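One structure is given here, and the rest of the page talks about it.
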Amino acid sequence: MGAEPKTITPLPFFGDDAALVRALCAGHAGAAAAFFDRYARQVRAMLLATVGPDDEIPDLLHEVFIVALDRIDTLRDVTKLASWLSAIAVYVGRAHIRTRYRRKWLRLFSPERTRSWQIEQPSSEARQALREIYAILDKMPLDPRTAFVLRYIHGMTLPDAAEACGTSLSTFKRRLNRATEHFLRVARTRPSLVQHLQDGTRWNQ
Amino acid sequence: MEPIEGKLESLGKVLREALAAERSEGDDLLQARASFLRDFSRHHAPSSTLDVPARRRARWLSLALAASLGAALTGMWLWPRSVSFQVGESRPGRLGAVIESVTGHATSLRFSEGSRLLLHEGARMRVLSVGSDGARVLVENGILDVSVAALKTRKTRWEFEAGPYLVTVTGTKFRMAFYSQSRTLSLSTQEGQVVVSGACQKTPKKISAGESVVLSCSTEEDLLPPSEVTQDKNVPIPAPAEAQAEPPSSQPAVFPANAPARGEPAWRGLLAAGRLSDGLHSARLYGFQRACQLATAKELLALSDAARLFGDHSDHKEAVTPLHILRRRFASTTDASAAAFRLGLVAFERKHAYAEAARWFEIYMREQPSGPLMGDAFGRLMQARALSGDVDRAREHAQQYLHRFPEGPYALEARGILSR
C-alpha cells in the first residue's frame with residue numbers, strides 16, 4: 001500500500017484544569033493536546049518577552065511543555081497551573097539566553113541560526129525600538145533582565161512576576177530596580193528611546 | 001519613579017505589539033504542537049525520560065557540526081518505507097476503517113514486514129496508523145492474536161489501544177482480549193514481552209513469555225472469564241497465513257449474568273434472547289415504567305434500542321426514558337456512557353435536535369475518551385455541529401477527525417465540511 005506515516009492527533013479532551021492534570025498524570029493522549037492548546041499562546045508570549053524574537057521559539061515552546069509534562073505530578077495546586085507553566089517558561093527562556101551568550105562565536109559558522117538583526121532593515125519605529133531595547137537587555141545580567149521583561153514587556157503584576165521567577169516580592173523588586181536603573185542609564189544614550197522616555201509613546205502600529 | 005514607571009509600562013505595551021508582529025504565532029504554535037504531540041505519543045508516560053539539559057547540549061553540538069549534520073540528515077531521507085497491510089486474502093487495508101470478524105469466521109491481517117494479526121469472531125478493530133517500524137492498532141472489542149515480526153535492521157514498535165489500556169510490543173507473539181462492556185483486558189504472551197500501561201494502573205506492567213494477566217478497573221459484576229484467552233504454552237498462535245476459519249470462540253451472551261430465572265417477567269427473557277420487538281411489547285404489557293425501574297443496565301439499553309427501532313417514531317419517550325433512568329441508577333459506568341451515546345442518537349435521528357445531540361456525543365467522549373463508540377461519537381458530533389449551524393466547531397471537529405481517522409467512515413463528510 002505504501003501509506004505515508006500518519007501522526008495520530010488525540011481526540012479532544014473535555015474537562016477543567018483539575019481533570020486535565022489528572023488525565024495528564026494518567027498519560028491520556030487527548031489531554032496532552034488540550035494542555036497545549038489551552039496554554040500555548042500564554043507560554044509563547046512569555047517566551048517571546050523573555051528571550052526576544054528568536055528562531056528557536058517553537059523549540060522552546062515545545063521544551064516548556066515537555067518539561068511541564070515531566071513534572072506534572074509535582075504540581076500541588078491545580079488552580080495555579082497557569083502560573084506554574086509561566087515559571088517553567090521563564091526557566092526555559094533563561095536557560096536559552098545563557099546558551100545564546102555562549103554560542104555567540106558560532107555566528108561565524110551558523111549565521112542563519114544565530115542571525116543578527118542588523119542584516120534586516122527595521123520596517124517601523126516600533127520594531128527599531130524593539131531591537132534597541134533587546135540589545136540593552138542582552139547586556140544585562142539575567143536576574144534583573146528577567147524582572148524587567150516580566151514586569152514591563154510582558155505586563156505582569158509584581159506579585160505574579162515574582163512568583164514566575166520563584167523569588168520573594170522584595171527580592172524581585174530589588175532586581176527590578178537594578179534593571180530599571182541600568183535600562184534608563186543606557187536608554188538615555190539612544191536618541192529614539194530618549195524621545196519616548198521624555199514624551200511618552202509616539203509609535204503607532 | 002511613578003511617571004517613568006508609567007512610561008515604561010506604555011513602552012512595554014508597544015513592545016508587546018511589536019513582538020507579536022515579529023513572528024507568525026500560528027506557525028510557531030503549529031510547529032511546537034506537532035513536535036510536542038509526537039514526543040508525547042512516543043514516550044507516553046508523564047515521567048518522560050527526556051533529559052532537558054541533554055537536549056540543549058545536543059542542540060549546541062548540532063550548531064557546531066552543522067555541515068556534517070546536514071549531510072547526515074540528507075542521508076536520513078532514505079528512510080525505510082512504512083508498512084502496508086491487507087485484510088483477509090487480498091483486500092488492501094485502509095487506515096481508520098473498522099475491521100470486524102463476522103459470525104463463524106476469523107479475519108486475518110498481514111503486514112508487509114511480516115507481522116500478522118488474527119481477529120476472532122465478533123471482534124472489532126482499526127489500524128490507526130502505520131510507520132516504518134510498526135503500527136498503532138485500536139482494539140474496540142474482542143479477541144486478537146498478534147504475531148509481531150522482529151526486524152533485523154531496526155527496532156519495531158507496535159502499540160495496541162484497548163479502551164483505557166495501551167499495550168506496547170517490540171517483537172513478540174501474544175493474545176489479547178478486550179471486553180468493552182466491562183473494560184477488562186486479558187493478555188497472554190507466548191514469545192517476547194509486552195508492556196501494558198494506562199487505565200488505573202500506577203506503573204506499566206510487563207507480561208513476559210508464558211505469562212497471562214487479567215486487568216480491570218471495573219467494579220461491575222459481569223467481568224468475563226479469561227479462559228478463552230489463556231494459552232497453553234505448547235499450542236502456538238497460528239500464523240494467519242495458515243489460519244483456517246476458527247471455531248467460534250466462547251463469546252459472551254448479551255446478558256451473561258442476567259439470564260432470567262423461572263417466574264421472571266417475560267420481557268426479560270425476550271430481551272435476553274435478542275427479541276427486541278417482542279420484548280418491547282411484553283414490557284408495555286407489564287408496564288413500561290415499572291419494567292424500567294426493575295431492569296438492569298443492559299436491559300435498559302435494550303429497551304431503549306427496541307423503542308428506537310420498533311417503537312412509535314413520533315413519540316420518543318420510550319426510547320429516552322430508559323436511558324435517563326440508566327444514567328441515574330448506574331451513574332459513572334460504561335453503560336451510562338453508552339446511554340449518553342444513544343441519547344445523542346435519539347436526538348439526532350428522531351428529534352432532529354442537533355445541538356442537543358452534539359451535547360450528548362460530547363458527554364460520551366468526555367466519559368469514554370477511548371471507548372468503543374468514540375469513532376462514531378466523534379463523527380456524529382461533527383455532523384451534529386454542522387447541522388446545528390455551528391460551522392466553526394464543525395470545521396474544528398472535521399480537522400480533528402481527519403487527523404485521527406483519515407480513511408474513517410466519516411472522512412468524506414469531514415472533507416465536505418472543510419471544503420465549504
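Show me, for region B:186-200, the HN-Hα J-couplings you get by feeding each phi into the Karplus relation (A = 6.51, B = -1.76, C = 1.60, θ = phi - 60°), rounded to Hz, glycine and proline as x.
10, 8, 9, 10, 9, 10, x, 8, 10, 10, 10, 9, x, 6, 8
Other chains' Cβ within 10 Å of A:60-71 residues: what's the mean?
Partner Cβ neighbours, averaged per residue: 6.
Quick check on my link table: of A:Lys80/A:Lys139; B:Lys155/B:Lys206; A:Lys80/B:Lys202; B:Lys173/B:Lys206; A:Lys80/B:Lys7, which ones sit more than 21 Å apart, alpha carbon to alpha carbon?
A:Lys80/A:Lys139; A:Lys80/B:Lys202; A:Lys80/B:Lys7
Count, for each residue of B:361-370, the Cβ atoms from other chains sitting within 10 Å of its Cβ, then give me the mean as a whole number.
Across B:361-370, the average partner-chain Cβ count within 10 Å equals 3.
Alpha carbon centre of region A:36-50 versus region B:334-376: separation in Å?
Distance between centres, Cα-based: 34 Å.
Can you bin region A:121-205 into rounded, prolate or oblate? Criterion: square roots of the alpha carbon gyration tensor eigenvalues sorted a ≥ b ≥ c, rounded for a/c under 1.5, prolate for a/b above b/c, oblate for the rest.
prolate
So if R0 is 56 Å, what FRET efficiency would B:Ala20 and B:Arg284 give, r being the distance between their Cβ atoms, rounded to the nearest 0.05?
Between B:Ala20 and B:Arg284 the formula returns 0.30.
Using 7 Å Cα-to-Cβ label points, what is the B:Glu191/B:His324 separation (nm, one decimal)?
5.7
Test of understanding: what is the full-extension gain from B:Ser90 to B:Arg359, defined as 0.36 nm times their sequence separation minus their Cα-Cα distance?
Gain in length upon complete extension: 92.7 nm.
Gain in length, A:Asp37 to A:Lys139, computed as 0.36 nm per residue apart minus the alpha-carbon separation, to one decimal in nm?
Answer, rounded to one decimal: 33.3 nm.
What does the average come to when, for each residue of peptide B:85-97, you count the partner chain Cβ atoms lying within 10 Å of its Cβ?
1
So if R0 is 45 Å, what FRET efficiency would B:Gln293 and B:Leu412 give, r being the distance between their Cβ atoms, rounded to the nearest 0.05?
Working from the Cβ atoms, E equals 0.55.
Would you please put A:18-26, A:168-176 in order of how densely packed they are, using the mean number of other Cβ atoms within 10 angstrom per residue and starting with the highest?
A:18-26, A:168-176
Values in this text are rule-based calculations from the coordinates and carry no lab data. Keep in mind that what you see is a predicted model, and the values were worked out from it rather than measured. Ideal geometry is used to build each Cβ from the backbone, glycine not excepted, and the neighbour counts take in all protein chains shown.
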